[in-house]
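Notes follow the structure.
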Amino acid sequence: MSTLTYVYADSTAVLGPLATYAEPHCYDMCLMHSERLTAPRGWEIVRITPDADALKPSSDDLEALADAVREAAKPRYLEREAAATTAGSTVEVARRGHLRVLVTPEQ
């Protein structure tokens, strides 16, 4: 799989690794079509072939994924309790959709 993009100002078609996010004027292509790609007369095709080892997951990727899962799994009530311990602060006691019920603790 490859992603095809155009640089109209330079009359260049760029065929590179599969894009990680969608952009206008980017087209994902299968191997057969990317190998047979031709450009209009006067245009240049730039083919970017990444290193195969660079595309493999690394230990940094795995650690980042594990950290994200841990963060998402943290109980949210601990954050509310931490906010409630500060003197004179407003505490959220309930939530329904985008509406919140806030209470200021007595001193």
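Since every read-out is calculated from the coordinates, none of them should be taken as a lab result. These figures come from a predicted structure and were not determined experimentally. Here the Cβ is made from the backbone with ideal geometry for all residues, glycine too, and neighbour counts use every protein chain on show.
Could you give the nm distance between label points at Asp53 and Lys74, where each point is 7 Å from its Cα heading toward the beta carbon?
It is 3.7 nm.
Would you mind ranking Tyr6, Tyr21 by Cβ crowding within 10 Å, fewest neighbours first?
Lowest to highest Cβ neighbour count: Tyr21, Tyr6.
Can you list residues whose amide H is under 5 Å from Val46's amide H, if they're 5+ apart or on another chain and H is modeled 1.01 Å from N?
Ala13, Val14, Leu15
Taking the Kirkwood radius as the inverse of the mean 1/r across Cα pairs, report the Rg/Rh of the stretch 2-55.
0.97
Per residue of the stretch 32-41, in order, report the coupling 6.51 cos²θ - 1.76 cosθ + 1.60 (Karplus, θ = phi - 60°) as ³J(HN,Hα) in whole Hz, putting x for Gly and Pro.
4, 6, 5, 6, 8, 4, 10, 10, x, 4
Quick one: length gained pulling Glu35 to Ala64 fully straight, 0.36 nm per residue minus the C-alpha distance?
That works out to 7.0 nm of additional length.
What does the net charge come to around Asp67 if you take all other residues with beta carbon closer than 15 Å to its beta carbon, with K and R at +1 and D and E at -1?
The answer is -2.
Can you give me the long-range amide H partners of Asp28? Hydrogens built in the peptide plane at 1.01 Å from N, cutoff under 5 Å, separation of 5 or more residues or another chain.
The list, which skips near neighbours in sequence, is Leu4.
If you take every residue apart from Thr3 with its C-beta less than 15 Å away from the C-beta of Thr3, what net charge results, scoring Lys and Arg +1 and Asp and Glu -1?
-2
From the phi angles alone, apply the Karplus equation (6.51, -1.76, 1.60; θ = phi - 60°) to the stretch 10-26 and give each ³J(HN,Hα) in whole Hz, x where the residue is Gly or Pro.
Once rounded to whole Hz, the list reads 9, 6, 10, 9, 10, 10, x, x, 4, 5, 8, 9, 7, 9, x, 6, 10.
Can you list the residues, at least 5 places off or on another chain, whose amide H is less than 5 Å from the amide H of Val91, using H built in the peptide plane?
Placed amide hydrogens put Val103, Thr104 under 5 Å from Val91.
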